[in-house]
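The structure under discussion appears below in the form of structure tokens.
The values are calculated or read from the model by the stated rules, or taken from the named source; none is laboratory data. Every value quoted in this text rests on a predicted model; they were computed, and no experiment measured them. When we count neighbours, we look across all protein chains shown, and the Cβ atoms used for this are built from the backbone with ideal geometry, even at glycine. Only protein heavy atoms, including side chains, enter the accessible area calculation; ligands, DNA and RNA are left aside. Shrake-Rupley method; radii C 1.70, N 1.55, O 1.52, S 1.80 Å.
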Amino acid sequence: MKKYTFLVEIGTEPLPSKLLKKLGKNFFNQIISGLKKNNFVCDQVNWYASACRLAVKANIRIKRNHYDSTIFTNQIDSDDICNKCVKNIYNQENFITSKMNIQGNKQTDNYQEILKCDDNVAVHKNYEHLFCEIISTALEKLNHYTMMRWGNIDIPFVRPVRTMTILLDTYLIKGCFFGIQTNRMLRGNRFMQDNRIVLEHADDYPDILTKNGWVIADYVVRKNVIRSAVEKEAEKLGGVIDTQDNNLLEEVTSLVEWPVILSGRFNDKFLELPHEVILHIMRYDQRYFSVYNVINGMLLPYFIFVANTISNNCEKIIIGHENVITPRLMDAEFFLRNDNKCRLEDYIPKLNSVLFHRKLGTLRDKSWRIEELSGWIASQIDVDIQQTKRAGHLCKCDLMSNMVFEFPSTQGTIGMYYARRDGESEKIAVAQQEHYQPRFSEDKLPTTYVSCAVSIADKIDTISGIFGIKEFPKGNRDPFALKRSAIGILRILIDKKLPLNLLSLIQKSVELYGEQLINAEVVNDIYNFMCNRLFSWYSTRGYRSDIVRAVLNVESANIAEVDARIEAVTNFCKLKKEENIKLNLTYKRILNIVSKKQTSYNDDVKFCLFTMPEEINLATQVISIEKKLQELCTQHRYYDALVVMIKIFSAVNMFFDNVMIMDKNENVQINRLTLLNKAKKLFLKVADVSLLHL
């Protein structure tokens with residue numbers, strides 16, 4: 001069966017650079033999904049996205065010998081199509097239900113016109129409404145972006161649409177989208193005077209844009225071209241670029257269609273500024289790539305930028321960019337001089353003028369809570385309390401400085417510079433920067449325990465406040481980034497192995513809010529939220545969900561211990577499969593008896609009531625194992641604890657096989673149930689093994 005090349009391109013006004021890659025992939029996924037749902041086999045599929053276009057190209061063919069009933073009732077081989085088959089297809093009811101609100105397409109009844117066409121055109125006509133339906137559905141599903149309306153068009157899209165091209169080989173699929181009729185006209189680089197290009201065949205895309213339109217439509221190709229060219233330009237300047245700065249590369253790739261790599265220079269004297277300020281100006285304000293010394297990694301007075309202009313006078317463009325960055329660096333110098341007129345601590349009163357949340361007070365209130373909570377955390381993890389409180393006291397001060405106001409991404413870093421300038425200890429200074437870490441899942445953790453304490457205090461204070469006023473995160477709506485804050489706290493506790501009780505931390509944080517919080521269940525809500533985030537975090541790292549649940553089902557507010565137990569159970573299940581089965585069966589056997597009997601257990605077993613050797617043997621084993629488990633768990637040797645638990649297997653089986661638990665003597669009965677209950681508690685020292693999959 002013949003293959004066809006299918007192409008759809010939407011030409012738009014410049015698309016948002018930070019969303020372009022995601023938008024392009026989403027559009028691609030929706031189109032390919034629609035094709036596959038309608039019985040097309042797709043191969044050699046590609047997606048294209050540049051500043052002013054989204055496109056999808058694929059080779060397609062029919063998947064099977066009969067159409068789905070919702071599309072066609074008779075399958076037609078595209079090489080053997082006949083006029084009679086064409087007429088039968090068009091006579092079927094419910095051939096295609098076009099979405100008139102986007103397309104404005106009307107199903108044609110003009111069979112005679114179709115019959116005059118050659119076979120291939122007839123096939124194309126049969127598919128015309130179907131393709132428009134697929135594209136219409138795909139566009140409708142791109143509804144989770146900020147949308148726009150323009151002109152007299154009531155249909156929203158991310159940016160105004162200017163051209164619409166849909167081809168099947170050489171055949172133009174007729175349709176109307178956003179008030180625009182489909183045509184063969186593409187637009188090349190918007191900086192060209194004559195940028196109109198006629199596309200005759202879908203196979204010519206995207207090469208025709210590169211050849212005649214000064215556009216590299218393929219996002220991945222364009223990104224690699226930019227990366228390679230920027231690295232070569234840096235090499236010419238005697239330096240290297242930051243290869244880890246992928247976000248800047250992605251954004252620049254989304255901004256340009258025909259990348260021209262140029263470089264400029266600024267005065268060496270500006271290198272005396274905090275490098276983070278220079279980087280902010282380069283990356284966030286100007287989208288420049290910074291250049292570093294190959295030997296020592298120090299910043300060099302150069303910048304590399306990517307132009308989207310075809311010009312014979314590149315020197316003029318470079319001078320223009322140099323004239324832009326120099327005033328910004330001069331502004332930074334001015335702000336730094338003004339900030340140096342006062343100490344970091346002098347900004348404390350100004351925090352009263354900024355709201356943290358209208359229901360939770362000002363930044364000054366928050367900084368006081370962070371200070372108190374940081375000191376409490378320091379006392380729990382055996383860190384210098386005064387230094388930690390001082391770090392918490394100052395941690396929000398730099399938000400009031402001129403530098404951070406003008407260059408927001410430098411918050412924390414500027415606080416570190418100013419703390420050093422004021423003579424604060426290095427740990428206090430570093431904590432000003434590191435208490436924001438980790439900002440995201442893979443971000444670096446704070447390096448000192450003082451920084452860890454302030455970071456935990458800052459994050460749990462935000463969680464407690466927002467949960468306390470019942471503004472819970474829902475789905476993707478998490479404006480205060482509570483999920484990231486929770487993961488940040490958990491990562492610090494686990495990686496640093498901090499002996500901090502999570503439940504006590506939450507209670508202390510809530511207590512500092514006083515009567516401001518209206519949620520009576522705030523402590524339980526936060527604890528459950530943290531446990532859910534912990535479960536998600538371990539799941540994304542590849543841990544078995546049943547193991548994570550088994551450990552979390554055993555109450556333990558010490559997160560560092562939770563991590564150690566998950567590792568131990570994971571290793572035990574891998575290395576001791578038979579023993580795992582024995583543990584599981586033994587625990588379930590005990591649980592079946594204990595959970596069914598609603599009785600009051602004694603504080604301890606009474607040996608004087610034992611009459612059978614099997615119950616004496618089990619009681620002896622329980623006491624012996626309990627002592628060993630206590631010692632092993634104190635040393636966090638949970639794997640060894642599980643191995644020790646295996647020893648109870650035979651004693652439990654002999655007990656069940658030979659001892660009548662429900663004895664007529666009530667005291668004997670309660671004593672035996674007490675023994676089983678004590679045995680059950682031994683299993684819960686590490687994990688709820690009943691939840692483990694065999």
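Remarks
- Structure-based [θ]222 nm, the chain - -39500 (n - 2.57) summed over DSSP H runs of at least 4, per residue, nearest 500: -15500 deg cm²/dmol
- For the stretch 550-589: span of alpha carbons on each principal axis (Å, largest first): 29, 23, 8
- The trypsin sites (Lys or Arg not before Pro) found in the stretch 489-554 that occupy coil by DSSP, while having at most 12 further C-beta atoms within 10 Å, are Arg541.
- Around the Cα centre of the chain, unit charges on the Cβ atoms of Lys, Arg, Asp and Glu (plus for the first two, minus for the last two) sum to a dipole of about 1020 debye.
- Rg to Rh, two decimals, where the stretch 339-402 supplies the alpha carbon set and Rh follows Kirkwood: 1.03
- Among the GluC sites (Glu not before Pro) within the stretch 526-609, those in coil by DSSP and having at most 12 neighbouring Cβ atoms inside 10 Å are Glu555.
- Distant-in-sequence amide H partners of Val41 (H built 1.01 Å from N, under 5 Å): Arg61, Ile62, Lys63
- Among the trypsin sites (Lys or Arg not before Pro) in the stretch 358-429, those located in a DSSP loop and surrounded by at most 10 other Cβ atoms within 10 Å of their own Cβ are Arg358.
- Straight-distance candidates among the lysines for linking to Lys359, with alpha-carbon spacing under 27 Å and chain neighbours fewer than 8 residues away dropped: Lys350, Lys389, Lys396, Lys459, Lys470, Lys474, Lys483, Lys508.
- Judged by the gyration tensor of its Cα atoms, with axes a ≥ b ≥ c, the stretch 240-298 is prolate; a/c meets the 1.5 cut and a/b is the larger of a/b and b/c.
- Working note: Karplus 6.51/-1.76/1.60 with θ = phi - 60° gives the stretch 675-688 the couplings 4, 5, 5, 5, 5, 4, 5, 4, 5, 7, 5, 10, 7, 7 Hz, where Gly and Pro are set to x.
- Length-normalised contact order of the stretch 521-634 in % [C-alpha pairs under 8 Å, at least 6 apart]: 12 percent
- For Val354, the amide hydrogen comes within under 5 Å of the amide hydrogens of Leu363, Arg364, counting only partners 5 or more places away or on other chains and with H modelled in the peptide plane.
- Computed over the stretch 217-325, relative contact order equals 33 percent, with contacts defined as Cα pairs under 8 Å that lie 6+ residues apart.
- Rounded to the nearest 20 debye, dipole of the stretch 1-66 from Cβ charges on Lys, Arg, Asp, Glu: 320 debye
- Cα centroid separation, the stretch 10-56 to the stretch 625-694: 59 Å.
- Counting all C-alpha pairs of the stretch 452-570, share separated by more than 19 Å (%): 45 percent
- Computed with a 1.4 Å probe over protein heavy atoms only, the accessible area of Ile60 comes to about 10 Å².
- Rolling a 1.4 Å probe over the protein heavy atoms gives the stretch 255-354 an accessible area of 50 Å² per residue.
- Degrees, to the nearest 10: 20-37 long Cα axis against longest axis of the chain: 80 degrees
- Coordinate range along principal axes, alpha carbons of the chain, Å, largest first: 104, 80, 49
- Contact order relative to length of the chain, as percent, for alpha carbon pairs under 8 angstrom and 6 or more apart: 8 percent
- The residue list Leu186, Ile661, Tyr171 was ranked by how far each Cα lies along the charge dipole of the chain toward its positive end, using unit charges on Cβ atoms, and Ile661 comes out on top.
- Distance between the stretch 189-248 and the stretch 470-495 - C-alpha centres, whole angstrom: 38 Å
- Note on the stretch 523-579: the alpha carbon radius of gyration divided by the globular reference 2.2 N^0.38 Å gives 1.16.
- By accessible area, using a 1.4 Å probe on protein heavy atoms only, the stretch 548-684 has 49% of its surface on carbon and sulfur.
- The reciprocal of the average 1/r between distinct C-alpha atoms defines the Kirkwood hydrodynamic radius, which for the stretch 154-196 equals 11.9 Å.
- Per residue, the stretch 380-513 exposes 40 Å² of accessible surface when a 1.4 Å probe is rolled over the protein heavy atoms with every protein chain present.
- Listed by chain and number, the lysines whose C-alpha is less than 18 Å from the C-alpha of Lys577, apart from same-chain residues fewer than 8 away, are Lys588, Lys647.
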